[in-house]
Amino acid sequence: MVYLLIAVILLITAFFLIYNSSLALIQSFKENDFIQGALHVIDRVLLTLMIVEIIYTVKISLQAHTLTVKPFIMVGLIASIRRILIISVESAYMTERFQAHMIEMGVLGFIIIVLIFSLQVCKKKNI
């Protein structure tokens, strides 16, 4: 019952994120700030994708009564890629933080490699 409640809350959150993204995109077109609007939409869509992946994990947990690792790895991958995309656009606007952004991108790149390796291990071990 708790998992079902969590899934419903996450689903409502995902719908609100999509609605908010649509409004932000329309507003950015009105203000001629396409890059900032696109950045906001990409950020929200990837966040929505993470929430959908978590909902999928909850659904699997409800059906099998166990937690699986792969969906959590996928959420980590999506979150890392989401942050890299955000940093890429922010670097163009905030040149004073360029070095910090590059360090963060390097760390995120390493995390992505580790997560992909983890996915491969899960597939080989059938976890």
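Remarks
- 0 to 90° range, to nearest 10: angle between helix 98-125 axis and the chain longest Cα axis: 20 degrees
- For segment 4-43 and segment 75-94, distance of Cα centres in Å: 16 Å
- Rounded to whole Å, the principal axis extents of the Cα atoms in segment 82-127 read 45, 15, 8, largest first.
- Cα gyration tensor shape of segment 27-99, rounded if a/c is under 1.5, else prolate or oblate by comparing a/b with b/c: oblate
- In the distance distribution for the chain, Cα-Cα pairs more than 18 Å apart total 64 percent.
- Working from Cα pairs under 8 Å separated by at least six residues, relative contact order for the chain is 23 percent.
- Burial order of peptide ranges 105-115, 26-36, 54-64 (average beta-carbon count within 10 Å, highest first): 54-64, 105-115, 26-36
- 0 to 90° range, to nearest 10: angle between helix 2-30 axis and the chain longest Cα axis: 20 degrees
- For the chain, adding -39500 (n - 2.57) for each run of n ≥ 4 DSSP H residues and dividing by the number of residues yields -31500 deg cm²/dmol at 222 nm.
- Only lysine pairs 8 or more places apart or on separate chains count here, and in the chain those with Cα atoms under 29 Å apart total 7.
Since every read-out is calculated from the coordinates, none of them should be taken as a lab result. It should be emphasised that the depicted structure is a prediction, and the values quoted were computed from it without experimental measurement. Backbone-built Cβ (ideal geometry, glycine too); neighbour counts: all protein chains shown.
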